[in-house]
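Contents: one structure, followed by commentary.
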């Protein structure tokens, strides 16, 4: 008897014990920025990834000019439309194509229309799965200027940031979003607190101690500052890596202090180890242990609601009712 021919049905892979993350950002052929950094980090931390490129480049623009492979807005929107419904046949044996997703991480946008389309996509999938969180890395500039066009930056500010659960700007991006120049921890704290009901991780802030740099995490009425020594090394993609590792830990623990500590320690170790090897890019493949089990000592400070430190402080403040201080290592029992 001839076997009966059946209609093909999509069969998903064996589900991971951890939620999938949709990452929407740039892609480079060589290097560790954008999706190259984010996808590797998330998969190393055992999260399946749906990777959506917004633009394709041969390398980081900092290495020199090169041709870009642009994705036209129509094709980009059609791809997002397909992701909303999933492959034909999936729904026959599964309740929701988006059930496996735990987070969406949005990064570099190549156009204002892309930013608007991604915002609509994020809003749609969150309406289908209320547990999905959106982390917006507002990739738009550094130092003292934008490196994307004004219209795209404005679209990120108006469409993506408002619908996010968490944002991960650098110091310049935080100031651009709030319209204030930000240079210190104190100023960053004031500006981050303007984003009500959001988790705000501001990166690359000059430390309170000499020759240190750190990240400020603000959530609700809480503020934590994690700092470590400054190390020379490749930093292209450090923001992308930070956002991805931060996303993974947000999904895996409710303890924000552990999330901040592990994120900061991991990125510091990857940069330091890449520098030791004389690399011009982050060597993620050689430093998976830094992502899984970071061992770097990171100093964590709890800041009060009202910053009380003088603007030019360079030493750790004494313990008081507003500021507590402790050293935490990822090898600590708590971690």
Against the definition (in contact with a strand residue (DSSP E or B) (Cβ under 8 Å, 6 or more places away or on another chain) and either part of a helix (DSSP H, G or I) or farther than 25 Å from residue 19 by Cα (or both)), how does residue 113 come out, yes or no?
no
In segment 118-137, residues that are in contact with a helix residue (DSSP H, G or I) (Cβ under 6 Å, 6 or more places away or on another chain), touching a residue at least 40 places away in the same chain (Cβ under 8 Å) and crowded, with 23+ Cβ neighbours inside 10 Å total 3
If you go through segment 202-225 one residue at a time, how many are out of contact with any strand residue (DSSP E or B) (no Cβ under 7 Å at 6 or more places or on another chain) and not in a strand (DSSP E or B)?
3
Looking at 39, 29, which one is at pLDDT 95 or above and over 21 Å from residue 156 (Cα atoms)?
39
Subset of segment 42-56, residues in contact with a strand residue (DSSP E or B) (Cβ under 7 Å, 6 or more places away or on another chain) and either under 27 Å from residue 294 (Cα atoms) or modelled with pLDDT under 95 (or both), comes to 42, 43, 47, 48, 49, 50, 51
Read through the list (1) buried (at least 24 other Cβ atoms within 10 Å of the Cβ); (2) not in a loop (DSSP other than H, G, I, E, B), then give the number of the only condition that residue 282 fails.
(2)
Subset of segment 165-198 [surrounded by fewer than 22 Cβ atoms within 10 Å (Cβ to Cβ) and outside any helix (DSSP H, G or I)]:
165, 179, 180, 181, 183, 184, 193, 194, 195, 196, 197, 198
Here are some residues: 102, 107, 143. Which one is in contact (Cβ under 8 Å) with a residue 12 or more places away in the chain and more than 24 Å from residue 28 (Cβ to Cβ)?
102
Taking segment 253-270 and keeping only residues that are buried (at least 24 other Cβ atoms within 10 Å of the Cβ) and in contact with a helix residue (DSSP H, G or I) (Cβ under 6 Å, 6 or more places away or on another chain), one is left with 259, 262, 263, 266, 267, 270
Would you check which residues across segment 102-111 are touching a helix residue (DSSP H, G or I) at 6+ places or on another chain (Cβ under 7 Å) and crowded, with 21+ Cβ neighbours inside 10 Å and list them?
102, 103, 104, 105, 106, 107, 108, 109
Matching residues in segment 226-263 (part of a helix (DSSP H, G or I) and within 14 Å of the chain's Cα centre (by Cα)) number 18
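The values are calculated or read from the model by the stated rules, or taken from the named source; none is laboratory data. Keep in mind that what you see is a predicted model, and the values were worked out from it rather than measured. Cβ coordinates were reconstructed from backbone atoms using ideal geometry, including for glycine residues, and neighbour counts include every protein chain displayed.
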